[in-house]
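The values are calculated or read from the model by the stated rules, or taken from the named source; none is laboratory data. Keep in mind that what you see is a predicted model, and the values were worked out from it rather than measured. Methodologically, a virtual Cβ is constructed for each residue, glycine included, from the backbone with ideal geometry; neighbour enumeration extends over all protein chains shown. The accessibility values were calculated without ligands, DNA or RNA, using every heavy atom of the protein model including side chains. Shrake-Rupley method; radii C 1.70, N 1.55, O 1.52, S 1.80 Å.
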Amino acid sequence: MVYIDDEYYIKADGTGFVGCKKMVAKTSGKENTKVIGYYLTIPKALKGIEEQMVKDYVEETKDEKVPISDVCLKCKEIKNKMKRIRKEIEDDE
């Protein structure tokens with residue numbers, strides 16, 4: 001498995017790559033895996049994880065009054081992090 005951070009990772013499934021997120025059940029505390037999507041390449045898996053990170057941020061702040069400027073900054077932060085990782089992969093090819 002290739003870990004992006006403590007929550008998100010990519011694994012191979014024989015025909016491609018799977019973007020995943022570690023989840024912990026609130027009631028039982030058991031760790032589960034949420035499949036984000038299936039991809040043909042690692043850069044595409046990273047893009048899928050990037051989109052999920054943005055969705056997760058918006059979901060996490062649903063009960064708060066978050067200014068759009070803060071959301072934009074967070075989106076840029078996530079996008080730049082994932083862009084750096086994709087660039088490193090593409091530079092190696």
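Below are the figures for this structure:
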quantity: Search result, residues across the stretch 57-69 that are assigned to a helix (DSSP H, G or I) and more than 19 Å from the chain's Cα centre (by Cα); calculated: ILE68, SER69
quantity: Test: residue in the stretch 57-69 that is of a type in the set (Ser, Thr, Tyr), out of contact with any strand residue (DSSP E or B) (no Cβ under 7 Å at 6 or more places or on another chain) and open to solvent by 100 Å² or more (accessible area, probe 1.4 Å); calculated: no
quantity: Residue satisfying condition, being surrounded by 14 or more Cβ atoms within 10 Å (Cβ to Cβ), β-branched (Val, Ile, Thr), touching a residue at least 12 places away in the same chain (Cβ under 8 Å) and not in a helix (DSSP H, G or I), within set ILE49, ILE10, ILE85; calculated: ILE10
quantity: Within the stretch 13-35, tally of residues that are in a strand (DSSP E or B), in contact (Cβ under 8 Å) with a residue 24 or more places away in the chain and open to solvent by 30 Å² or more (accessible area, probe 1.4 Å); calculated: 1
